[in-house]
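Structure record follows, encoded as structure tokens.
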Amino acid sequence: MKCVALKGVKEFEIKEIEEPKKEPGKVMMEITKSGICGSDIHNWEMGNPVGVVMGHEFCGKVIDPGDRSDLKVGDRVTALPISPCGHCSACLSGNAQFCLQTWNDAVGLSVANPGGLTHKINVRSDMVIKVPTNITDEEVAMVEPVAVSLHAIHLADIKVGDKVLVIGGGIIGLTAAMFAKKEGASFVAISEVNDARGNNAVKLGVADKYFKADQDIIKNLLTEVNEGFDVVIECCGNAGAVSTSLMAVKPGATVILVGVSPTPITIPTVVAVMREITLKGAIAYTKDEFKTCIELMSRKQIDALQFVSKTVGFDEVQKSYEELTSGSSELIKILVDPNK
């Protein structure tokens, strides 16, 4: 079967791989939609790991339910792509996202387990979730990134009336801003280097105001919110974004670090010390949060489709990654349809 595999630095190739075989403890599914994630982009830019078939945000149809007696052939499903051990303290506390084994064999993130950029995959049966019939395949493929944002918002503990800054106007930033409003934030700002994305956040209604991430960003933010923000959700991971987070909040405020830098960065920790700022890292989500996002979509309490820019086939994946990293595109989320 065909797949899109990472060939090298900023380079994909379409090639043939073997179809998955029935395995104990696995559900086999046919992929209908798969999303392009920011972490996928990091791997593409670094060209590592070579040969990986990415795509950890997906919707599929069951081909073989394996040991899942509650599933049948044809059921629509998604899954947490992680591979937790199930018995460490993190797993037993319901926080499998920071189990030491969680990312070792993750679907679409490890060479051993192909993700959604192919036609058929095997997924651990305990990670598979059946989805309601009233949400589309496109929405199902959006569950994973939306769950990342929900987890960050839970960690932020936003209070009604809080002023919130979200740094980064990609899918995680926009959905985090959406959830911040739902939590009762009185003012939600978006900071972005890309004008198209920043303005789009306001147009979509998830942010009240856009601030250009330039040399005047701190002055402009603090002119708008004199004492600083109560919460910052940082979704970029670079030194400038994290430094802005620290300098834009009021004393005693909270900064949630969602963005990931593949290399070490330098930040003014003295600001965090002097203002007693709480810094929290946010990685992935809990299984309950993942399920909550499915329920919110099913009950039409959130609109994930507004963030989907377009759907492409395998032959457009390379161009899509180039567009998403151009720095000027207004595209937010691109989905891949293996059958297109």
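The values are calculated or read from the model by the stated rules, or taken from the named source; none is laboratory data. Keep in mind that what you see is a predicted model, and the values were worked out from it rather than measured. FYI the Cβ positions are ideal-geometry reconstructions off the backbone, even for glycines, and counts take in every protein chain you see. Surface accessibility is based on the protein's heavy atoms, side chains included, excluding ligands, DNA and RNA. Shrake-Rupley method; radii C 1.70, N 1.55, O 1.52, S 1.80 Å.
Select, from Lys319, Lys310, Lys333, the only residue that is closer than 27 Å to Asp214 by Cα and at pLDDT 95 or above.
Criteria check complete, one pass: Lys333.
Considered as a group, the residues in the stretch 80-102 that are in contact (Cβ under 8 Å) with a residue 60 or more places away in the chain and not in a loop (DSSP other than H, G, I, E, B) include one that is least open to solvent (accessible area, probe 1.4 Å), and that residue is Gln97.
Of everything in the stretch 1-24 that's β-branched (Val, Ile, Thr) and assigned to a loop (DSSP other than H, G, I, E, B), which residue is surrounded by the most Cβ atoms within 10 Å (Cβ to Cβ)?
Ile17
Counting only residues that are open to solvent by less than 20 Å² (accessible area, probe 1.4 Å), among the hydrophobic types (A, V, I, L, M, F, W, C) and assigned to a helix (DSSP H, G or I), the stretch 25-53 holds 1 of them.
Is it true that Val255 is more than 15 Å from Leu155 (Cβ to Cβ), of a type in the set (A, V, I, L, M) and either surrounded by 14 or more Cβ atoms within 10 Å (Cβ to Cβ) or out of contact with any Lys or Arg (no Cβ under 9 Å at 6 or more places or on another chain) (or both)? No: the conditions fail for Val255. Evaluate the following for Lys219: is it among the basic types (Lys, Arg), open to solvent by 10 Å² or more (accessible area, probe 1.4 Å), assigned to a helix (DSSP H, G or I) and within 30 Å of Gly55 (Cβ to Cβ)? So Lys219 does not fit the description; no. Met28 satisfies every condition listed in (1) more than 14 Å from Gln318 (Cα to Cα); (2) without any contact (Cβ under 8 Å) to a residue 24 or more places away in the chain except (2). Figure legend. Inter-residue proximity from the stretch 119-135: first residues in contact (Cβ under 8 Å) with a residue 12 or more places away in the chain and farther than 13 Å from Met29 by Cα, second residues surrounded by fewer than 16 Cβ atoms within 10 Å (Cβ to Cβ) and not hydrophobic (A, V, I, L, M, F, W, C), beta-carbon distance below 6 Å, spacing 6+ or different chains. Indicated pairs: Pro132/Ser298; Asn134/Ser298; Ile135/Ser298.
Residues that are touching a residue at least 60 places away in the same chain (Cβ under 8 Å) and buried (at least 19 other Cβ atoms within 10 Å of the Cβ) number at least 1 in the following strands (runs of 3 or more DSSP E) confined to the stretch 258-340: 308-312, 333-336.
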